[in-house]
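Here's the structure, in structure tokens; my notes come after.
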């Protein structure tokens with residue numbers, strides 16, 4: 001019997017400062033490592049991606065012409081669409097199909113316009129109807145899918161993302177080095193990430209705050225909040241940072257902050273926990289699944305409440321020293337484990 005041929009789309013990896021890039025490299029490499037000859041693997045990539053999996057798999061490149069016709073439509077036994085953007089449409093490939101859904105954040109954001117939500121749900125629903133299996137990256141996302149598309153509930157399963165334990169060379173110095181103890185966060189500077197709530201946490205202490213990530217016009221709101229709390233000189237917005245700089249900030253920060261309103265998973269939280277850091281998270285969407293019982297949670301974004309949670313959490317961390325428990329929580333999330341679950345789903349979908 002010939003080895004089944006599988007095409008996995010990682011075409012959202014074009015920007016190496018976004019979550020899809022780290023998802024693609026982490027899962028893509030782990031699938032290669034865990035495959036052990038079970039499948040003939042092929043990856044579908046954007047031409048602008050900087051990472052090509054060390055040429056260990058056959059690579060196909062995205063083309064706009066594929067929206068009209070995909071020349072390899074009959075070449076594969078299974079298509080895994082690794083995110084819901086689906087630049088390669090499910091209908092363009094004659095194969096069994098699996099789609100991973102990372103989030104349905106649009107339905108949770110208060111500023112999303114109703115007609116835009118309707119368009120989003122219609123498009124996503126069409127994709128879901130055209131695939132055989134749906135993977136959600138958290139129970140929260142799975143529940144969203146079941147709620148909005150109950151007819152597809154039988155298709156849905158959960159496979160958590162993994163997270164690499166970052167390594168920092170002893171002699172590495174980041175482009176920006178804080179001169180005093182600092183708090184850290186990373187992500188797109190968008191409204192839903194909630195970074196504008198963080199300057200309030202600098203009141204009554206001497207911490208600096210380092211915010212890394214792609215900048216947007218929302219940066220000005222963060223600056224205004226820093227001015228309001230008289231800590232502008234202690235808030236450092238670095239823009240995108242290298243992987244080594246990111247790892248250095250995780251290793252050397254006093255705490256990691258992530259007050260996101262809409263999160264399908266929360267990879268940076270695990271990266272911070274691998275270093276045994278206290279993590280302070282919004283108690284929304286998927287974050288409680290990732291942080292578990294070792295994280296500290298903001299139940300709302302009122303400054304007094306956030307300050308109370310932060311101060312109590314830091315005191316608790318210093319008193320109990322729960323580093324081992326925090327690292328243990330991080331170790332629950334493994335790319336190898338995720339890859340093995342995906343490969344098992346491939347087998348199930350193909351009836352092996």
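Could you tell me whether segment 147-160 includes any residue that is under 30 Å from residue 98 (Cβ atoms), in contact with a helix residue (DSSP H, G or I) (Cβ under 6 Å, 6 or more places away or on another chain) and part of a loop (DSSP other than H, G, I, E, B)? Yes, segment 147-160 has at least one match. Screening segment 61-94 for residues that are free of Cβ contacts under 8 Å to residues at least 12 places away in the same chain and either surrounded by 18 or more Cβ atoms within 10 Å (Cβ to Cβ) or within 27 Å of the chain's Cα centre (by Cα) (or both) and picking the one that is farthest from residue 43 (Cα to Cα) gives 64.
Would it be correct to say that residue 136 is farther than 24 Å from residue 350 by Cα, touching a helix residue (DSSP H, G or I) at 6+ places or on another chain (Cβ under 6 Å) and crowded, with 20+ Cβ neighbours inside 10 Å? When the stated conditions are applied, residue 136 does not pass them. Scanning segment 262-285 for residues that are within 27 Å of residue 302 (Cβ to Cβ) and either over 14 Å from the mean Cα position of the chain (by Cα) or free of Cβ contacts under 8 Å to residues at least 12 places away in the same chain (or both) returns 273, 277, 278, 279, 280, 281, 282, 283, 284.
Being assigned to a loop (DSSP other than H, G, I, E, B), touching a residue at least 40 places away in the same chain (Cβ under 8 Å) and surrounded by 15 or more Cβ atoms within 10 Å (Cβ to Cβ) narrows it down to one residue among 183, 188, 124; which is it? It would help to see each step written out before you state the result.
On the way: 183 fails: assigned to a loop (DSSP other than H, G, I, E, B); 124 fails: assigned to a loop (DSSP other than H, G, I, E, B).
Exactly one of 183, 188, 124 is assigned to a loop (DSSP other than H, G, I, E, B), touching a residue at least 40 places away in the same chain (Cβ under 8 Å) and surrounded by 15 or more Cβ atoms within 10 Å (Cβ to Cβ), namely 188.
Tell me, please, whether a residue that is buried (at least 19 other Cβ atoms within 10 Å of the Cβ), in a helix (DSSP H, G or I), at pLDDT below 95 and out of contact with any helix residue (DSSP H, G or I) (no Cβ under 6 Å at 6 or more places or on another chain) can be found in segment 272-287. Within segment 272-287, one or more residues are buried (at least 19 other Cβ atoms within 10 Å of the Cβ), in a helix (DSSP H, G or I), at pLDDT below 95 and out of contact with any helix residue (DSSP H, G or I) (no Cβ under 6 Å at 6 or more places or on another chain). Applying the criterion of being in contact with a helix residue (DSSP H, G or I) (Cβ under 7 Å, 6 or more places away or on another chain), crowded, with 17+ Cβ neighbours inside 10 Å and over 16 Å from residue 79 (Cβ atoms) to the residues of segment 1-31, the residue that is modelled with the lowest pLDDT is 19. Taking into account only those residues within segment 230-261 that are surrounded by fewer than 17 Cβ atoms within 10 Å (Cβ to Cβ) and without any contact (Cβ under 8 Å) to a residue 60 or more places away in the chain, which is farthest from residue 316 (Cα to Cα)? The residue in question is 239.
The values are calculated or read from the model by the stated rules, or taken from the named source; none is laboratory data. Keep in mind that what you see is a predicted model, and the values were worked out from it rather than measured. Neighbour counts run over all protein chains shown; Cβ positions are idealised from the backbone, glycine included.
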